[in-house]
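Asks: The structure follows.
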Amino acid sequence: MELKRSKVRRVVSSVAIAIATLAAILMPVTPAHAAYGPDQTVSLTVNSNSGPSLTLAQLTGTLAFDNGNTKFRYALRLCWGSGAYPMPNFHISINGNTALYPTLTSTTTAPSGCQVSLFLYDGEYTHSTTVANVTLYVTGGWFYPGNTYNSRTKSVTYDNPYN
């Protein structure tokens, strides 16, 4: 009788180990959370290139890529230069083919040289494929001479250090 019980225990134990092993193999592995690399400093100024020298816009802040290669975060500040009209704008291009127009998150008191307020844009973007680089485009406008409208765009590209 004792021999029969020990055989049953061994069989049950072996089946349990086999099921546990199979479950471990078949269970999906949870991906590790990607970590952000160091912040890269953003500094881009757009000045007029005809008539009086005017600062039209300044985009400053930080940008960081994740080591999973599909996300980046940004903390950007847009200054509407005192000589510009209308308000400048900016957008982000991902890999040269996807445009992102960040949403204004808040405003704060404008520093010297900026009109109205300092516009704050903070966020994170997840792309469907690898993020190789992002390019920031800032456009500002002014009137010169008289009622002739001019605009100027400057850009800067940041490469993802993880690919």
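Asks: Estimate the FRET efficiency between A34 and S93 by the formula 1/(1 + (r/R0)^6), using the beta-carbon distance for r and 22 Å for R0, to the nearest 0.05.
Replies: On the way: r = 22 Å, r/R0 = 0.98.
It comes out at approximately 0.55.
Asks: On to the next question. Could you grab the relative contact order for the stretch 74-118? Cα pairs under 8 Å, six or more apart, rounded to a whole percent.
Replies: Numbers: 44 pairs, mean separation 19.3, N = 45.
That works out to 43 percent.
Asks: Packing-wise, with mean Cβ within 10 Å as the measure, how do 125-132, 80-87 rank, highest first?
Replies: Numbers: 125-132: 13.9, 80-87: 18.0.
Sorting 125-132, 80-87 by mean packing, highest first, produces 80-87, 125-132.
Asks: Continuing with this model, one more query. With label points built 7 Å along Cα→Cβ from the Cα atoms of N150 and Y162, find their separation and express it in nm.
Replies: Taking the two extended label points, one gets 4.2 nm.
Asks: Per the Kirkwood definition applied to all pairs of different Cα atoms, how many angstroms is the hydrodynamic radius of the stretch 80-163?
Replies: Values: mean 1/r = 0.0678 Å⁻¹.
Hydrodynamic radius (Kirkwood, Cα pairs) of the stretch 80-163 is 14.7 Å.
Asks: How high is the FRET efficiency between T41 and F143 when r is their beta carbon distance and R₀ equals 45 Å, given to the nearest 0.05? It would help to have the intermediate numbers written out before the result.
Replies: Values: r = 32 Å, r/R0 = 0.71.
With R0 = 45 Å, the Cβ-Cβ based efficiency is 0.90.
No lab work stands behind these numbers, since they all come straight from the coordinates. Predicted model only: the values in this text are computed from it and were never measured. So basically every Cβ, Gly included, is an ideal-geometry build from the backbone, and we count neighbours across all protein chains shown.
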